[in-house]
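Novice: Have a look at this one before I ask anything.
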Amino acid sequence: MNQPLDDRGKIKSELASGKLHSYIVHNSKDPHPYLATIRASCLEHKWNFMLTTCDQAAFLYSQARILGAKKILELGCFYGHSTLALAAALPADGLLISVEHNPKFAKIATDHLTRAGVMDRIEIIVGEAPRVTQDLARKHEAGSFDLIFVDADKRHSQAYWDTSLALVRVGGLIIFDNVLARGDILNDSQDAANHATAMREFNANVLLDGRVQSFIATIGDGMLVAIKNI
């Protein structure tokens with residue numbers, strides 16, 4: 001059974017805490033048994049807050065399964081937690097391409113995903129996501145991806161959005177993580193983080209984009225989910 005992590009720099013949902021968070025985690029079933037091992041391995045890392053939460057992993061898995069996804073793109077791999085959740089939803093002949101700019105994290109994720117038994121359907125590309133996504137747009141047919149999950153540098157969110165819309169099929173999903181900027185999304189002061197400013201602009205742009213139907217799910221640090229209509 002999943003166990004919540006405490007407040008001392010540990011991994012936890014930004015939108016729920018204490019007993020409520022414990023309840024949410026306790027009632028969220030891991031879509032793959034190895035996910036708990038990945039969380040445990042990341043527990044003491046100074047950037048453990050970058051790891052998707054248990055309920056986010058379950059959400060990503062469910063969206064991919066409901067969609068019947070066979071081809072998925074992920075921007076931002078880190079320890080491979082979200083990667084495994086998405087890969088677990090793929091059929092045996094499915095493909096998940098994950099882009100990670102840090103070679104160390106790419107190696108850690110590869111080791112985890114190999115032990116989890118899903119590397120046969122995963123391709124990890126090491127490189128800066130803005131450049132790699134442009135390469136992918138040239139190599140892969142427009143509309144060939146069923147689902148795209150973005151958890152990369154927020155400064156480039158609009159560029160990722162534009163490329164994602166070209167790559168995802170009509171009826172497919174685009175999911176962005178951290179769109180509430182840990183609550184700073186409502187902070188208009190000059191002290192607000194660049195992340196919050198970027199996400200406010202991004203969320204506003206998506207809302208006005210007539211090509212999609214979108215909403216923000218209050219899971220983790222906020223996940224923007226968009227269905228491509230045209």
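The values are calculated or read from the model by the stated rules, or taken from the named source; none is laboratory data. What you are looking at is a predicted structure, and each value in this text was computed from that prediction instead of being measured. Every residue, glycine among them, receives a Cβ derived from its backbone with ideal geometry; neighbour counts consider all protein chains shown.
Novice: What are the residue pairs meeting all of these: first residue in region 27-50, first residue in contact (Cβ under 8 Å) with a residue 12 or more places away in the chain, second residue hydroxyl-bearing (Ser, Thr, Tyr) and surrounded by 15 or more Cβ atoms within 10 Å (Cβ to Cβ), Cβ atoms under 6 Å, and 6 or more apart or on different chains?
Specialist: Pro31/Tyr61; Ile38/Tyr79; Cys42/Tyr79
Novice: Restricting to region 21-52, name every residue that is in contact with a His (Cβ under 9 Å, 6 or more places away or on another chain) and in a loop (DSSP other than H, G, I, E, B).
Specialist: First pass over region 21-52, keeping only residues in contact with a His (Cβ under 9 Å, 6 or more places away or on another chain): 34-35, 37-39, 41-42, 51-52.
Within region 21-52, Tyr34, Leu51, Thr52 qualify.
Novice: Now for a separate question. Just to verify a result, which residue in region 202-230, among those that are of a type in the set (S, T, N, Q) and more than 21 Å from Arg169 (Cβ to Cβ), is modelled with the lowest pLDDT? Even if it seems obvious, please write down each step before you answer.
Specialist: Quick first cut of region 202-230, residues of a type in the set (S, T, N, Q) only: 203, 205, 213-214, 218, 229.
If we keep only those that are more than 21 Å from Arg169 (Cβ to Cβ) as well, we get 203, 205, 218.
Details: Asn203: 96, Asn205: 96, Thr218: 87.
Across region 202-230, the extreme among qualifying residues is Thr218.
Novice: While we're on this one: Does Thr83 satisfy the condition of being of a type in the set (S, T, N, Q) and farther than 23 Å from Ile219 by Cβ?
Specialist: Working: of a type in the set (S, T, N, Q): yes; farther than 23 Å from Ile219 by Cβ: no.
Spelling it out, it is not the case that Thr83 is of a type in the set (S, T, N, Q) and farther than 23 Å from Ile219 by Cβ.
Novice: Same structure, new question: If only one of Arg131, Arg115 is at pLDDT 95 or above, surrounded by fewer than 19 Cβ atoms within 10 Å (Cβ to Cβ) and out of contact with any helix residue (DSSP H, G or I) (no Cβ under 6 Å at 6 or more places or on another chain), which one is it? Walk me through it before giving the result.
Specialist: Numbers: Arg131 fails: at pLDDT 95 or above.
Unique residue meeting the criteria: Arg115.
Novice: Separate question: Going by the conditions given, is Leu15 part of a loop (DSSP other than H, G, I, E, B), at pLDDT below 90 and either under 19 Å from Leu86 (Cα atoms) or over 17 Å from the mean Cα position of the chain (by Cα) (or both)?
Specialist: In short, no.
Novice: Next up: If a residue has to be over 20 Å from Leu173 (Cβ atoms) and surrounded by fewer than 20 Cβ atoms within 10 Å (Cβ to Cβ) to count, how many in region 80-92 make the cut? Write out each step before concluding.
Specialist: Pass one, region 80-92, residues over 20 Å from Leu173 (Cβ atoms): 80, 92.
When the remaining residues are screened for being surrounded by fewer than 20 Cβ atoms within 10 Å (Cβ to Cβ), the result is 92.
Within region 80-92, residues that are over 20 Å from Leu173 (Cβ atoms) and surrounded by fewer than 20 Cβ atoms within 10 Å (Cβ to Cβ) number 1.
Novice: In region 137-167, what count of residues is obtained for those that are closer than 15 Å to Gly76 by Cα and aliphatic (A, V, I, L, M)?
Specialist: Residues in region 137-167 being closer than 15 Å to Gly76 by Cα and aliphatic (A, V, I, L, M): 5 in total.
Novice: Here's another thing I want to ask about it. Being under 24 Å from Leu136 (Cβ atoms) and either among the polar types (S, T, N, Q) or at pLDDT 85 or above (or both) is the filter here; which residues of region 43-56 pass it?
Specialist: Those that are under 24 Å from Leu136 (Cβ atoms) and either among the polar types (S, T, N, Q) or at pLDDT 85 or above (or both): Thr52, Gln56.
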